[in-house]
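Have a look at the structure below, then the notes.
The values are calculated or read from the model by the stated rules, or taken from the named source; none is laboratory data. If you're wondering where the values come from, they're calculated on a predicted model, not measured in any experiment. Cβ: placed from backbone, ideal geometry, glycine included. Neighbour counts: every protein chain shown. Please note that ligands, DNA and RNA were not included when accessible areas were found on the heavy atoms of the full protein model with its side chains. Shrake-Rupley method; radii C 1.70, N 1.55, O 1.52, S 1.80 Å.
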Amino acid sequence: MLNTDNYPCVRAIEADSFPAVIHFEKDTAADTLVDFFNECRSGIEALLLKAGAVLFSGVDISSRDIFEAAVTRMGDDFINYTDGNSPRTKLSDKVYTSTEFDPAQSITMHNELSYSARWPSRIFFACIQPSETGGETPLADGRLVLKHMDAALVEKVRQEGVIYYRNLHNGEGFGPSWQDTFETNSRETAEEFCREAGIDFVWNENGGLRLIQKRKGILEHPVTGEQVWFNQVDQFHPYHLGQQTHDIMMDMYGSIEALPTYASFGDGSPIPNEAIASIKEIFNTISVVRPWEKGDLVLVDNVLVSHGRKPFTGARQILVSMLA
């Protein structure tokens, strides 16, 4: 239980919802939220492990500076987005924009950096400006996702793991460049990161970089010991874009190996298109979609819970900060 005696601005706590929600009086100062968070940290930690995500609503988080000041006091050991595969802008050492991807398209569900050797344990999302329509950030409990996955698929992933393939260009092409991915213009720095992270890599004749990363795909939570579906094979697989786009991309690149990204089972065998469609359908069924309100702050356990993005219209500003 959370002791709110010193915080009459806390109107209600929905501990059994997903995400769990702590309602503050409208426009409660961010400093008040931070004080509450630090005083009740053990209770919030317990709530986060149970629910997987906690939404703090009603707080006045209206700018990047306010958000950064708040998360700086609420967390430590922040990590950067090195090795990230999504286009986003680094605003400071602690703050990034959310993925800058065509607003007319959805972003499929994923655990952040699940394909990498190092992923954030937790993520703060803050809504500085909600979009005119859409733009929600769906959440899905990986424990529940795993239970709904096809048993044969789960066993294959558990036994073999998954392999992620990326073809990063040298500044011109579809998807991210290797310079943006590793936040450097130095080949030596990129190579050093790959070696330390256990990433196989090959430089192409055109200056691009091919990456091959083998990962588990199903993970045990380091605190609770619960098993979760922890991967983004559907997001890397071209079929998640639909049959028509899949066929167009195959015509453009000539082979699946040449695509900007794709994924296979850990033994190198292909993941059937039907499996990708099934994964997407399960996420669509299980995901919880809640409209953003200005000032909303969401803390997500990145191992327990995956997230995505719905299409939107109008200006939208969601900021992100990641903790090791």
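Worth a mention:
- Tilt relative to the chain, helix 64-74 - C-alpha long axis, 0 to 90 degrees, to 10: 80
- Restricting the chymotrypsin sites (Phe, Trp or Tyr not before Pro) of segment 263-297 to loop positions (DSSP other than H, G, I, E, B) with no more than 14 neighbouring Cβ atoms within 10 Å leaves nothing.
- Alpha-carbon centroids, segment 36-104 and segment 181-253: separation in whole Å: 24
- Nearest-0.05 FRET efficiency for residue 77 and residue 255, computed from C-beta distance (R0 51 Å): 0.80
- In the chain, the DSSP-assigned H stretches of four residues or longer account for a calculated mean residue ellipticity at 222 nm of -8500 deg cm²/dmol, using -39500 (n - 2.57) per stretch and the full residue count as denominator.
- The angle separating the long axis of helix 273-286 from the principal Cα axis of greatest extent in the chain is about 0 degrees.
- Taking a straight line from the alpha carbon of residue 280, these lysines sit under 18 Å away, with near neighbours fewer than eight places off in the same chain left out: 147, 156, 310.
- Projected label points at residue 6 and residue 39, each 7 Å from Cα along the beta carbon direction, are separated by 0.4 nanometres.
- Qualifying trypsin sites (Lys or Arg not before Pro) in segment 151-237, where qualification requires a DSSP coil assignment and no more than 13 other C-beta atoms within 10 Å, are lacking entirely.
- Share of carbon and sulfur in the accessible area of segment 260-324 stands at 54%, probe radius 1.4 Å.
- Degrees separating the helix 187-197 axis from the principal Cα axis of the chain, which is the longest one: 70
- Here the accessible area of segment 131-182 is 47 percent carbon and sulfur, with a 1.4 angstrom probe and all protein chains present.
- Summed over the residues of segment 178-324 and divided among them, the accessible surface reaches 46 Å² per residue at a probe radius of 1.4 Å.
- Residue order for 309, 290 - accessible surface, 1.4 angstrom probe, largest first: 290, 309
- On full extension, the segment bounded by residue 174 and residue 65 gains 36.0 nm, given 0.36 nm per residue less the C-alpha separation.
- Quarter of the Cα convex hull surface for the chain, i.e. its orientation-mean projected area (nm²): 16.3
- In plain terms, the chain from residue 184 to residue 117 could stretch by 22.3 nm, reckoned as 0.36 nm per residue minus the Cα-Cα distance.
- Chymotrypsin sites (Phe, Trp or Tyr not before Pro) restricted to segment 96-132 and DSSP loop, no more than 15 other C-beta within 10 Å: 101
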